[in-house]
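Asks: Could you have a look at this structure, given as structure tokens, before my questions?
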């Protein structure tokens, strides 16, 4: 069997390794899209930027000769097209690779906003190791940096730049930080926390353009904002979102939407072609609908399941949980599942604005379907477990509506198969204020 895995991120690497574990004699080719010596994790790039790890610390596998030892051929190059009927992958270099089974795990790329000056020197995205190398040329301690975008990716980059000692201005078009993973309360807390740490956070603000030149010390760029301000910068980092890498599939017959359409075995509309990771529209377990969940745990899960199915071990994809966990200058925040709430569902909240603590639980019937946390790390595993398993809470739903801080009791009781049999009296041990 000749397997080709297009894409060497977490999904592709996991798939290649899984294929090898299932088929000791198969030919396996793993193709990376960047001219790097090893497949690496984008999630490790911030650690490289602030100096916690070197470039080799970003590599997905740390053992020297790992892929050779496993009998996986690792090459770099870009795909130019696919002939699905002939089972051929065409590379932009002119090389043609035949395959018996193909996995597309090409990931996503950052969106470059249409604005004047987006291509100037010193204006960077933060998505690849090469991006990080360019950022390090401009992000010295005390350097003025403008970060455009305060979503999940932008907030991760913010942490790295802060730890480098940069003077940061965050510009976000939405009315709050991380607007796609947190509500007004949680996003507002995050913004206040950043300002407390010395970060200038501008929400409801648009970048009108970037231009060369500045009178400010250490700055060579000026960022013009919709509020009339002109902010000096030595570096501008663009973090406004990503889109799936699927342009090369035009004319292939493979059905796409925002990402590649797949069935519940991660198989595309073309014979013997599968898809996984950020380029793929897998099932969101909370909605039961296809969606692009661009987070590393989902990519790894997709890669493993796709490989099982490619190797003939039919394994359906039951769905992935949409979850995000952020560490922003020491404040941990997280969201899970239907964090915005379910139609006709019920909501419980605990808020301590002064101490940056927030817990919000979303119920549908007697199941927990979504949650948000700020500054409360003990609940992360329990929330994920309850939402992902869909366990019925029984009378614990009403108890949690009255006292969300009893989540640990509820989790233990329900996990033991005894929903509703635990103590029912008051038990308050979390210093937060309940909000109806």
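The values are calculated or read from the model by the stated rules, or taken from the named source; none is laboratory data. A quick note: this is a predicted structure, and the numbers were derived from the prediction, not measured. Backbone-built Cβ (ideal geometry, glycine too); neighbour counts: all protein chains shown.
Asks: Go through the stretch 310-329 and report how many residues are touching a residue at least 40 places away in the same chain (Cβ under 8 Å) and under 19 Å from residue 43 (Cβ atoms).
Replies: Here the count works out to 8.
Asks: Among residues belonging to the stretch 131-146 that are closer than 21 Å to residue 109 by Cβ and without any contact (Cβ under 8 Å) to a residue 24 or more places away in the chain, point out the one that is surrounded by the most Cβ atoms within 10 Å (Cβ to Cβ).
Replies: Per the stated criteria, the residue is 134.
Asks: Continuing with this model, one more query. Among the residues of the stretch 251-281, how many are touching a residue at least 60 places away in the same chain (Cβ under 8 Å) and over 18 Å from residue 101 (Cα atoms)?
Replies: Selection size over the stretch 251-281: 2.
Asks: Between 306, 299, 294, 311, which is closer than 20 Å to residue 30 by Cβ and touching a strand residue (DSSP E or B) at 6+ places or on another chain (Cβ under 7 Å)?
Replies: So the residue among 306, 299, 294, 311 that is closer than 20 Å to residue 30 by Cβ and touching a strand residue (DSSP E or B) at 6+ places or on another chain (Cβ under 7 Å) is 306.
Asks: Got a number for residues in the stretch 63-90 being assigned to a strand (DSSP E or B), farther than 23 Å from residue 13 by Cβ, out of contact with any helix residue (DSSP H, G or I) (no Cβ under 7 Å at 6 or more places or on another chain) and in contact (Cβ under 8 Å) with a residue 40 or more places away in the chain?
Replies: 1
Asks: Scanning the stretch 260-285 for residues that are in a loop (DSSP other than H, G, I, E, B) and buried (at least 24 other Cβ atoms within 10 Å of the Cβ), which turns out nearest to the chain's Cα centre (by Cα)?
Replies: Just the residues of the stretch 260-285 that are in a loop (DSSP other than H, G, I, E, B), to begin with: 262-266, 268-272, 276, 285.
Checking the rest, the ones that are also buried (at least 24 other Cβ atoms within 10 Å of the Cβ) come to 262, 266, 268, 276.
Numbers: 262: 20, 266: 19, 268: 23, 276: 14 Å.
The qualifying residue nearest to the chain's Cα centre (by Cα) is 276.
Asks: Next question. Starting from residues that are over 25 Å from residue 311 (Cα atoms) and at pLDDT 95 or above, keep the ones in the stretch 57-72 and report whichever is surrounded by the most Cβ atoms within 10 Å (Cβ to Cβ).
Replies: Only one residue tops the list, namely 58.
Asks: Is it the case that some residue within the stretch 357-364 is surrounded by fewer than 21 Cβ atoms within 10 Å (Cβ to Cβ), at pLDDT 95 or above and under 30 Å from residue 195 (Cβ atoms)?
Replies: Yes, the conditions are met somewhere in the stretch 357-364.
Asks: Looking only at the stretch 206-218, which residues are within 14 Å of residue 240 (Cα to Cα) and surrounded by 19 or more Cβ atoms within 10 Å (Cβ to Cβ)?
Replies: The one that is within 14 Å of residue 240 (Cα to Cα) and surrounded by 19 or more Cβ atoms within 10 Å (Cβ to Cβ): 207.
Asks: Has the stretch 230-246 got at least one residue that is surrounded by fewer than 16 Cβ atoms within 10 Å (Cβ to Cβ), free of Cβ contacts under 8 Å to residues at least 60 places away in the same chain and over 28 Å from the mean Cα position of the chain (by Cα)?
Replies: Scanning the stretch 230-246 turns up at least one residue that is surrounded by fewer than 16 Cβ atoms within 10 Å (Cβ to Cβ), free of Cβ contacts under 8 Å to residues at least 60 places away in the same chain and over 28 Å from the mean Cα position of the chain (by Cα).
Asks: What is the number of the single condition among (1) free of Cβ contacts under 8 Å to residues at least 24 places away in the same chain; (2) within 14 Å of residue 182 (Cα to Cα) that residue 381 does not meet?
Replies: The single condition residue 381 does not satisfy is (2).
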